[in-house]
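**Student:** Please find one structure pasted underneath; my questions will follow.
Values quoted throughout were computed directly from the atomic coordinates according to the rules given, and no laboratory measurement underlies them. Nothing here was measured: the structure is a model prediction, and the numbers come from that model. No Cβ is skipped: glycine too gets one built from the backbone with ideal geometry, and neighbour counts run over all protein chains shown.
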Amino acid sequence: MTRTPLVAGNWKMNGSLALVRELAGALRDAKPEGVEVALCPPYPYLPALAEALSGSGLALGAQNLADRADGALTGEVSAEMLLEFGCRFAIVGHSERRELYGEDDDQVASKFLRAREAGLTPILCVGETLRQREAEETDQVVVRQLMAVVEAAGVEALERAVLAYEPVWAIGTGLTATPEQAQAVHAGLRAAVADRDADIAGRLRILYGGSVKADNAAPLFAQPDIDGGLIGGASLKAEEFIAICRAAG
Ligand code: 13P
């Protein structure tokens, strides 16, 4: 089963118009081959980035979306609005949303459903804390997070979706899961999907995220069940991000 690798940059609450211009220019010149590349900036930068990337084949994504279509929801942004501004992807269930903004599995499932319903491809994040890893609960935690969505949306919904394994203890810490640790979790996630539908499991892209850098990306991406990366800090540096894209291509 060949899966086109995907590298998505999650800027989180970082960046500027200057960074939009710098990164878009550098990525256009570099044209990484054999890999799909997406950038997920903060909402206000979407129009400028869409314009700077137009015709480049690089995709845009959002870091979050509302769990409802419209209405009196101050501060929220709908899937339809994101589509209007050229997004193809939307990250849902990032651990920062779960931990800092109290999003639970049900809310993550609602956002996943909303994204798909509108025509966006959700990038569903799952991951365990350090305490859960030390208690050997990793597989149980990530499969529960995944299955909360599969129960709500049906396994077929994973046909147009991406999964991202992001161990919470590896995010922004400089600690990376070893390729073997990450591969073991990815294989477990794929097996859990295969229990419902082996073909869908075979086609599902599972990204790794958590302190991926240019110098540790290649051995991670060489693992059979790792289909690219979700990159935080290193996606803000053009050279570093391009090197990571190349490692996946
Ligand atoms: P870092 O690459 O900065 O560890 O962040 C990973 C992440 O959370 C991407 O969504």
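**Student:** Residue check, Ala182 against (1) among the hydrophobic types (A, V, I, L, M, F, W, C); (2) farther than 25 Å from Asn216 by Cα; (3) touching a residue at least 24 places away in the same chain (Cβ under 8 Å), all met but one. Which one?
**Tutor:** Ala182 satisfies all of (1) among the hydrophobic types (A, V, I, L, M, F, W, C); (2) farther than 25 Å from Asn216 by Cα; (3) touching a residue at least 24 places away in the same chain (Cβ under 8 Å) except (2).
**Student:** Another question about this same structure. Go through the residues of segment 63-86 one by one and say whether even a single one is under 30 Å from Leu27 (Cα atoms), in contact with a His (Cβ under 9 Å, 6 or more places away or on another chain) and not in a helix (DSSP H, G or I).
**Tutor:** Yes; the residues of segment 63-86 include at least one that is under 30 Å from Leu27 (Cα atoms), in contact with a His (Cβ under 9 Å, 6 or more places away or on another chain) and not in a helix (DSSP H, G or I).
**Student:** Could I ask something else about it? Pull up segment 210-233, narrow it to residues that are free of Cβ contacts under 8 Å to residues at least 40 places away in the same chain and within 18 Å of Leu27 (Cβ to Cβ), then point me to the one that is nearest to the ligand (Cβ to nearest atom).
**Tutor:** Restricting attention to segment 210-233, the residues satisfying the condition of being free of Cβ contacts under 8 Å to residues at least 40 places away in the same chain are 212-215, 217-218.
Adding the requirement that they be within 18 Å of Leu27 (Cβ to Cβ) leaves 212-214, 217.
On the way: Val212: 5, Lys213: 8, Ala214: 12, Ala217: 11 Å.
Within segment 210-233, the match that is nearest to the ligand (Cβ to nearest atom) is Val212.
**Student:** Against the conditions (1) farther than 18 Å from Asn14 by Cβ; (2) free of Cβ contacts under 8 Å to residues at least 60 places away in the same chain; (3) more than 9 Å from the ligand (Cβ to nearest atom); (4) not aromatic (Phe, Trp, Tyr), where does Cys245 fall short? Just the number, please.
**Tutor:** With respect to (1) farther than 18 Å from Asn14 by Cβ; (2) free of Cβ contacts under 8 Å to residues at least 60 places away in the same chain; (3) more than 9 Å from the ligand (Cβ to nearest atom); (4) not aromatic (Phe, Trp, Tyr), Cys245 is out only on (2).
**Student:** Something else: Hey, can you tell me all the residues within segment 41-90 that are of a type in the set (A, V, I, L, M), touching a residue at least 40 places away in the same chain (Cβ under 8 Å) and surrounded by fewer than 18 Cβ atoms within 10 Å (Cβ to Cβ)?
**Tutor:** Ala69
**Student:** Oh, and also: Scan segment 42-73 for residues that are out of contact with any strand residue (DSSP E or B) (no Cβ under 8 Å at 6 or more places or on another chain) and of a type outside the set (Gly, Ala, Ser) and jot them down.
**Tutor:** Matches in segment 42-73: Pro42, Pro44, Tyr45, Pro47, Glu51, Asp67, Arg68, Asp70, Leu73.
**Student:** Can you give me the number of residues within segment 106-131 that are in a helix (DSSP H, G or I), more than 16 Å from the ligand (Cβ to nearest atom) and surrounded by fewer than 17 Cβ atoms within 10 Å (Cβ to Cβ)?
**Tutor:** Within segment 106-131, residues that are in a helix (DSSP H, G or I), more than 16 Å from the ligand (Cβ to nearest atom) and surrounded by fewer than 17 Cβ atoms within 10 Å (Cβ to Cβ) number 3.
**Student:** Still on this structure: Which members of segment 1-37 meet the condition of being touching a Cys at 6+ places or on another chain (Cβ under 9 Å), of a type in the set (A, V, I, L, M, F, W, C) and not in a helix (DSSP H, G or I)?
**Tutor:** Val7, Ala8, Trp11, Val35, Val37
**Student:** Among the residues of segment 186-199, are any within 11 Å of the ligand (Cβ to nearest atom) and either within 15 Å of Ile123 (Cα to Cα) or buried (at least 24 other Cβ atoms within 10 Å of the Cβ) (or both)? Can you show your working first?
**Tutor:** So the first thing to find is which residues in segment 186-199 are within 11 Å of the ligand (Cβ to nearest atom), and the list is none.
Checking segment 186-199: not a single residue is within 11 Å of the ligand (Cβ to nearest atom) and either within 15 Å of Ile123 (Cα to Cα) or buried (at least 24 other Cβ atoms within 10 Å of the Cβ) (or both).
**Student:** Is it true that some residue in segment 166-176 is within 13 Å of the ligand (Cβ to nearest atom), surrounded by fewer than 18 Cβ atoms within 10 Å (Cβ to Cβ), more than 22 Å from Gln63 (Cα to Cα) and over 14 Å from the mean Cα position of the chain (by Cα)?
**Tutor:** There is at least one residue in segment 166-176 that is within 13 Å of the ligand (Cβ to nearest atom), surrounded by fewer than 18 Cβ atoms within 10 Å (Cβ to Cβ), more than 22 Å from Gln63 (Cα to Cα) and over 14 Å from the mean Cα position of the chain (by Cα).
**Student:** Residue under question is Leu207, and the condition is that it be of a type in the set (A, V, I, L, M, F, W, C) and either more than 10 Å from the ligand (Cβ to nearest atom) or surrounded by fewer than 22 Cβ atoms within 10 Å (Cβ to Cβ) (or both); does it hold?
**Tutor:** Details: of a type in the set (A, V, I, L, M, F, W, C): yes; either more than 10 Å from the ligand (Cβ to nearest atom) or surrounded by fewer than 22 Cβ atoms within 10 Å (Cβ to Cβ) (or both): no.
No, not satisfied.
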